Amino acid sequence: MLSLQRSRLATVLVAFGLLTGCANGGESDNTVRDAAIYRAVVVDLVDRSRADLEPSEDLPVLFIEALGVDGIPLQVQVEVVAGFVEQYEIRFIDQFDEAVEVDLPGQPVRPQSLLIGLGDIDVDETAEVHSELYLSVDDIRGFSYTLVGADDGQWDVVGEPVDIEPEGLVP
Amino acid sequence: MTASGVGRPYPADRSLLGDSAAWTLLPVQAFHSAGEALFALSLVGSLFFNVSVDAARPRILLYLALTMAPFAVLAPLIGPVIDRLRGGHRAVLMVSIGGRAVMALLLASQLKSLLLYPQAFVIVVLAKVYTVGRNALIPSLVDDRNHLVVVNSRLARVGATAGVVAAGLGLAVLQVGGADWVLRLAALFYGLGAVSALAIRGHHLGLNVSPIVEATEMHGPGIHSATTGMTALRMATGFVLFHVGFALKTSGEPAWLVAGVLGIGALGGFGGTFVAPWLHRWWEEQRVLTASLLLPAGLAALAALRFHSSTALALSISLGLAGSVGRRAFDGVVQTEAPHATRGRAYAGLETRLEVGWVLGSIIAVLARFPSWVGLAILAAALGAFGVNRVVADLTAAQVSSEVEVATLPFRLLETADAVASRGDRQQAVLVALAAAEAAAMVGDVPCDRLGRLKQVGRQAAISNDRAVEDDVLRLAHELVAESTR
């Protein structure tokens with residue numbers, strides 16, 4: 001009986017070990033790098049959006065949808081959220097409806113918000129990222145960004161992004 | 001079905017403090033519920049609403065699965081601790097609430113980090129430990145076991161009131177200081193709850209009940225049926241929390257609305273403490289439990305047909321109401337059908353099963369990734385099937401009961417003797433077998449010398465404690481009862 005209770009106790013201890021062990025699991029250099037790349041792209045997209053994100057009682061919301069086949073890992077999402085915690089409420093979404101008023105004419109994005117699509121990152125010495133910006137069904141734009149890493153771990157957009165045909169955020 | 005008659009009123013719910021030691025639990029419950037409400041409110045400002053559900057799903061699943069692990073030790077450990085150790089019950093409550101205070105403080109600075117997941121789930125596990133420990137403790141605090149239902153109801157009302165007041169306070173703090181300060185306030189209430197637990201003075205019922213009697217009571221058909229029904233309700237609660245939460249989030253509803261819809265179930269629970277006594281005037285407990293399954297089934301069907309925040313709200317309230325009403329009925333069944341088993345160990349086993357049900361419901365919701373209407377339709381069908389099955393069983397039992405004749409009493413006693421023998425208490429089995437033979441003599445034609453011979457062997461079995469003699473008694477009793485009906 002005692003050994004049974006001990007083994008059960010051991011199970012719980014292992015479980016809690018896993019709980020704490022998994023807490024920060026996977027926060028690698030790639031996580032930090034990818035989050036920095038996405039942050040730089042998001043900042044540039046917000047500037048280009050010409051959206052009226054007036055500061056108010058609530059922070060403006062930036063909805064982000066992953067466009068790539070791999071999605072955006074949870075750890076990267078957390079890093080991106082942390083990077084904008086003072087300026088924007090970042091909400092990574094799974095469905096288009098989450099960000100868009102689908103029942104309204106023109107299917108505009110929700111008030112005080114933007115919908116951004118971010119593709120997979122192709123990194124060599126520079127980074128290439130496909131991205132899209134959605135304001136309404138008539139105002140969707142696509143960009144291909146090139147970025148370079150700086151010494152401080154940040155990434156900077158090189159030149160002007162190339163306009164491309166949007167695909168991922170088209171309803 | 002229960003032995004309780006329709007219309008038998010629950011004992012009067014006298015003053016708030018009542019006449020038993022259970023009053024010492026009231027402040028603990030109030031502080032605990034206040035902390036619960038604030039913890040739930042703080043999640044509005046957490047990472048849960050920032051990251052995508054699909055990305056978070058594997059992690060949530062992992063922690064839900066890990067949540068199951070502590071329950072593997074709860075039933076065998078917590079019950080005996082409460083039963084045997086002086087002050088053990090108090091320690092369980094203090095550790096579970098005090099632990100939550102510490103975790104809430106830690107979580108206050110981690111709301112936007114991945115540490116949110118393990119810390120939040122530790123808080124959930126500790127809440128379950130508290131619930132199991134508290135409900136296992138209550139029977140040892142009441143002066144009269146007939147007050148069990150009343151005390152549970154009183155605790156539910158105090159908890160719901162404290163939760164609503166704390167939620168109002170928390171909303172103000174959320175506006176002024178943010179979600180982290182809401183959690184710090186929760187930690188304060190949890191801390192006060194842990195300190196309040198020091199005042200609990202449990203007095204044991206002094207029962208010296210055979211484990212066989214306890215096991216027999218706890219495995220009766222009424223208890224089994226009520227536990228299954230209540231487990232289904234708890235599974236539904238866990239399922240709705242995650243399924244509706246994810247569905248509302250992915251349909252773009254704001255975080256405060258998602259939290260509100262999920263949190264308003266507590267209001268339904270509060271209402272349930274008033275609805276339950278009223279229902280009990282008309283229906284006995286098992287039927288109330290059946291109604292508790294069918295109500296949310298209907299509202300889940302409605303929400304499946306038209307998923308909207310309003311229908312989700314109605315479903316959440318109905319589940320809270322049904323959970324509260326069902327819980328009272330469940331307590332009533334246990335109180336009536338297992339009067340000797342309402343001690344810590346036995347009750348902890350039941351509570352553990354209910355909590356595992358909640359975790360399983362949550363896991364299904366996270367794992368299955370049903371579209372909102374599909375998940376709700378499945379929920380409606382499952383709860384409806386449970387409810388209808390109970391109605392059918394109820395009708396069948398009523399029919400069988402009317403057909404049972406007194407002539408079957410010896411056979412039923414023999415079945416009981418066999419069951420008791422198979423569980424190891426052969427001495428008790430011998431006594432029941434002798435009673436079966438006596439009953440056979442009363443209702444049938446039994447030669448006096450055969451009955452006398454059986455009683456003689458029975459006396460030998462009692463003196464010798466010899467297994468072979470005990471087996472002889474059981475065999476002879478079977479033969480005698482069989483012959484009596486020819």
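The values are calculated or read from the model by the stated rules, or taken from the named source; none is laboratory data. What you see is a predicted model, and the numbers here were worked out from it, not measured in a lab. A quick note on method: Cβ atoms are made from the backbone with ideal geometry, for glycine too, and the neighbour counts reach across all protein chains shown. Surface areas here come from the heavy atoms of the whole protein model, side chains and all, with no ligands, DNA or RNA. Shrake-Rupley method; radii C 1.70, N 1.55, O 1.52, S 1.80 Å.
So which pairs qualify, if the first residue must be in segment B:271-286 and free of Cβ contacts under 8 Å to residues at least 60 places away in the same chain, the second must be open to solvent by 10 Å² or more (accessible area, probe 1.4 Å), the Cβ gap must be under 6 Å, and the two must be at least 6 apart or on different chains?
B:GLY271/B:LEU321
Going residue by residue through segment B:264-280, is there one that turns out to be surrounded by fewer than 21 Cβ atoms within 10 Å (Cβ to Cβ) and more than 23 Å from B:VAL150 (Cβ to Cβ)?
Within segment B:264-280, one or more residues are surrounded by fewer than 21 Cβ atoms within 10 Å (Cβ to Cβ) and more than 23 Å from B:VAL150 (Cβ to Cβ).
Checking the condition within 20 Å of B:ALA377 (Cβ to Cβ) and not acidic (Asp, Glu), which residue from B:ALA291, B:ALA300, B:ALA348, B:ALA329 passes?
Just one listed residue meets the conditions, B:ALA300.
Suppose the filter is part of a loop (DSSP other than H, G, I, E, B), modelled with pLDDT of 90 or more and at negative phi; does A:PRO171 pass it?
No.
Can you find a residue that is within 12 Å of another protein chain (Cβ to nearest Cβ) and more than 11 Å from B:ASN50 (Cα to Cα) anywhere in segment A:47-57?
Among the residues of segment A:47-57, at least one is within 12 Å of another protein chain (Cβ to nearest Cβ) and more than 11 Å from B:ASN50 (Cα to Cα), which makes the answer yes.
Has segment B:313-331 got at least one residue that is touching a Leu at 6+ places or on another chain (Cβ under 8 Å), within 21 Å of B:LYS128 (Cα to Cα) and of a type in the set (Phe, Trp, Tyr)?
Yes, because at least one residue in segment B:313-331 is touching a Leu at 6+ places or on another chain (Cβ under 8 Å), within 21 Å of B:LYS128 (Cα to Cα) and of a type in the set (Phe, Trp, Tyr).
So which residues in segment B:106-126 are more than 11 Å from chain A (Cβ to nearest Cβ) and either touching a Gly at 6+ places or on another chain (Cβ under 9 Å) or surrounded by 23 or more Cβ atoms within 10 Å (Cβ to Cβ) (or both)?
B:LEU107, B:ILE123, B:LEU126
Scanning segment A:52-90 for residues that are open to solvent by 60 Å² or more (accessible area, probe 1.4 Å) and of a type in the set (A, V, I, L, M, F, W, C), which turns out nearest to A:HIS130 (Cα to Cα)?
A:VAL69
Kindly provide the set of residues from segment B:42-89 that are part of a helix (DSSP H, G or I), at pLDDT 75 or above and either of a type in the set (Ser, Thr, Tyr) or more than 30 Å from A:GLY117 (Cα to Cα) (or both), ordered by number.
B:SER42, B:TYR63, B:LEU64, B:ALA65, B:LEU66
Looking only at segment A:101-122, which residues are open to solvent by 60 Å² or more (accessible area, probe 1.4 Å) and modelled with pLDDT of 90 or more?
A:LEU104, A:PRO105, A:ASP122
Would you pick out the residues in segment B:179-195 that are open to solvent by 20 Å² or more (accessible area, probe 1.4 Å) and not acidic (Asp, Glu)?
Passing the criteria: B:TRP181, B:ARG184, B:LEU185, B:LEU188, B:PHE189, B:GLY191, B:LEU192, B:VAL195.
Okay, residues lined up against (1) more than 22 Å from the chain's Cα centre (by Cα); (2) farther than 26 Å from B:PHE48 by Cα; (3) assigned to a helix (DSSP H, G or I):
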{"position": "B:VAL261", "(1), (2), (3)": "yes, no, yes"}
{"position": "B:ALA276", "(1), (2), (3)": "no, yes, yes"}
{"position": "B:LEU293", "(1), (2), (3)": "no, yes, yes"}
{"position": "B:LEU299", "(1), (2), (3)": "yes, yes, yes"}
{"position": "B:LEU313", "(1), (2), (3)": "yes, no, yes"}
{"position": "B:LEU319", "(1), (2), (3)": "no, no, yes"}
{"position": "B:ALA322", "(1), (2), (3)": "no, yes, yes"}
{"position": "B:GLY332", "(1), (2), (3)": "no, yes, yes"}
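When you scan segment B:90-100, how many residues do you find that are buried (at least 23 other Cβ atoms within 10 Å of the Cβ), at pLDDT 85 or above and not polar (S, T, N, Q)?
Number of matching residues: 3.
What number goes with the only condition from (1) open to solvent by 10 Å² or more (accessible area, probe 1.4 Å); (2) of a type outside the set (Phe, Trp, Tyr); (3) within 14 Å of chain B (Cβ to nearest Cβ) that A:GLU125 does not pass?
The failed condition is (3).
Give all pairs with beta carbons closer than 6 Å in which a residue from segment B:368-384 that is over 11 Å from B:VAL244 (Cα atoms) meets a residue that is surrounded by fewer than 17 Cβ atoms within 10 Å (Cβ to Cβ) and of a type in the set (Phe, Trp, Tyr); count only pairs at least 6 apart in sequence or on separate chains.
No pair meets every condition.
In this structure, is B:LEU141 away from chain A (no Cβ under 14 Å), surrounded by fewer than 19 Cβ atoms within 10 Å (Cβ to Cβ), farther than 17 Å from B:GLU355 by Cα and hydrophobic (A, V, I, L, M, F, W, C)?
Spelling it out, it is not the case that B:LEU141 is away from chain A (no Cβ under 14 Å), surrounded by fewer than 19 Cβ atoms within 10 Å (Cβ to Cβ), farther than 17 Å from B:GLU355 by Cα and hydrophobic (A, V, I, L, M, F, W, C).
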